[in-house]
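Step one of this worksheet: look at the structure below.
The values are calculated or read from the model by the stated rules, or taken from the named source; none is laboratory data. This is a predicted model, so every value here is computed, not measured. Neighbour counts run over all protein chains shown; Cβ positions are idealised from the backbone, glycine included.
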Amino acid sequence: MARLPDRSSRFLLISTFTICLLILFIDFRFNTFKPVQNFYNSSSLFIQIFSKDFIASPIYSSILSIWDTKRAKDEIQVLKEELDKQLIKNYVISNKEILNRNFFFDISNLENTNLALLPAKVVSFDVNKYRCCDKHRMFLLPEVSTLVDSFKVVINSEGIIGQSIKINRNLFEVILLSDKSHKIPIQNENEFYCEASGLGIPKKIFCDVDLTLEETSFELDQQIFSSGLGGIFPKGIEIGSIYEIQDISPKEVRLIIELNANPLSSNYFGVLQ
Amino acid sequence: MRVSGFIFLTILFLILSSIDMKVNLFLLDFFIVSNLTYLFLCYLCFMNPQKINSIFAAYIGFFIDLHQNVFFGLHATLFTLTVLLINYNYFRLRMFSTFQTTIAFSFFTAFFVGFKSILLTTMNFQYLLVFLSFFSAFVSYLIIPSLGKLLTNKIKL
């Protein structure tokens, strides 16, 4: 048996490793430590926002005010945010007819009714993890302090980007369409239906098609729409187009779909309440 | 280890983890990942096996799991395993030259990246990433000992 350095305990080494492994298995299998991670994320985001709003920003703005550039920068920022918001609204208006076909949306009179579109700003989005790993999540802060429930559709000016997961009154998580554990029912113009899963690659989802069930033909750049079957996403919204068709077996193909909406394109998103 | 040293090392590891995350954002296009945190732990454990023990590795690992928002216990398990390996091969590694030690730790890093990728990028596992991480770790480890000496000089581990 290998000699250990002085005062090192073999029992301590192995037992710590076993406990860590057990914790990893429990979290991997049952998500047991999700509340701990949520608590840590909420706390760190609170500290970030607090320190940014009450410590960093005042110092920063006081320095900037010397050269009088702060006003111009703020104006640009506000205009950009307003533009993002307007683009989201435009997206909703341009898809009004489609959205109105769905019983769970009522935005027929956008000007007079209280628009059920809640603007939210990104507070944390790990772009690194979005590009490298399967887990594609972001944390948003609603503009109006309100509790955003789970399973609400989150959009930007380019289309649907994902759905919400409730955390607390000031914060909610968004699971993106490309997240490995996310599924969205889709269809094409030829009434072909499928449940697409996130591929774990930015802007990509996939759908496995059993060719023995029905005769269907696919071609690249064919448009793909949401089918609305899950009751979460509205029916008929264009979500992307076929990017690649892979043959898994002689009787099965995998459609790789490239999504229209890029979550990196703006800092503002809308939640369809 | 004193409490101040303990806190200092915790903050140091969190900073290194943040640097890794920021650097990886740019390097990922070239299939390279930075693992300064892991190499720093290897270095500390190799230099002070009595003080940088498995409990410390697990503690730092859990912190990094929370910081990087990955599966709870992923870094803790891999860090503990690394400490275990270094402790079990301590006298063998002590006899190695610096070059050989660097190669050994680069191998550890490649396995670390591989295990992490299996759990975090299950559907897009890339062997090239694991392969290149060996070389990136080799290059990174050239600066780690001097960085480690500079940073841990004050706390006297």
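Structure values in brief
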| read-out | value |
| --- | --- |
| Some residue of the stretch B:102-119 being at the interface with chain A (Cβ under 8 Å from one of its Cβ atoms) and of a type in the set (A, V, I, L, M, F, W, C) | yes |
| Search result, residues across the stretch A:198-223 that are out of contact with any His (no Cβ under 7 Å at 6 or more places or on another chain), under 27 Å from residue A:136 (Cβ atoms) and among the small types (Gly, Ala, Ser) | A:200 |
| Test: residue in the stretch A:258-265 that is in a strand (DSSP E or B), touching a residue at least 12 places away in the same chain (Cβ under 8 Å) and out of contact with any His (no Cβ under 7 Å at 6 or more places or on another chain) | yes |
| Boolean, residue A:110 is more than 14 Å from chain B (Cβ to nearest Cβ), modelled with pLDDT of 65 or more and out of contact with any Cys (no Cβ under 6 Å at 6 or more places or on another chain) | no |
| Which numbered condition residue A:52 fails, given (1) assigned to a helix (DSSP H, G or I); (2) closer than 24 Å to residue B:70 by Cβ | (2) |
| Residue match in the stretch A:192-204 (condition: more than 14 Å from every other protein chain (Cβ to nearest Cβ), touching a Ser or Thr at 6+ places or on another chain (Cβ under 7 Å) and farther than 14 Å from residue A:256 by Cβ) | yes |
| Any hit, the stretch A:248-259, residues being under 26 Å from residue A:126 (Cα atoms), out of contact with any Pro (no Cβ under 8 Å at 6 or more places or on another chain) and not hydrophobic (A, V, I, L, M, F, W, C) | yes |
| Residue A:164, sole failed condition from (1) hydroxyl-bearing (Ser, Thr, Tyr); (2) in contact with a Phe, Trp or Tyr (Cβ under 8 Å, 6 or more places away or on another chain); (3) within 14 Å of chain B (Cβ to nearest Cβ) | (3) |
| Residue that is surrounded by the fewest Cβ atoms within 10 Å (Cβ to Cβ), among those in the stretch B:56-97 that are more than 7 Å from every other protein chain (Cβ to nearest Cβ) and among the aromatic types (Phe, Trp, Tyr) | B:96 |
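Here is a yes/no grid of residues against (1) under 29 Å from residue A:172 (Cα atoms); (2) more than 8 Å from chain B (Cβ to nearest Cβ); (3) touching a residue at least 24 places away in the same chain (Cβ under 8 Å):
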{"position": "A:3", "(1), (2), (3)": "no, no, no"}
{"position": "A:13", "(1), (2), (3)": "no, no, no"}
{"position": "A:16", "(1), (2), (3)": "no, no, no"}
{"position": "A:27", "(1), (2), (3)": "yes, no, no"}
{"position": "A:36", "(1), (2), (3)": "yes, no, no"}
{"position": "A:45", "(1), (2), (3)": "yes, yes, yes"}
{"position": "A:51", "(1), (2), (3)": "yes, yes, no"}
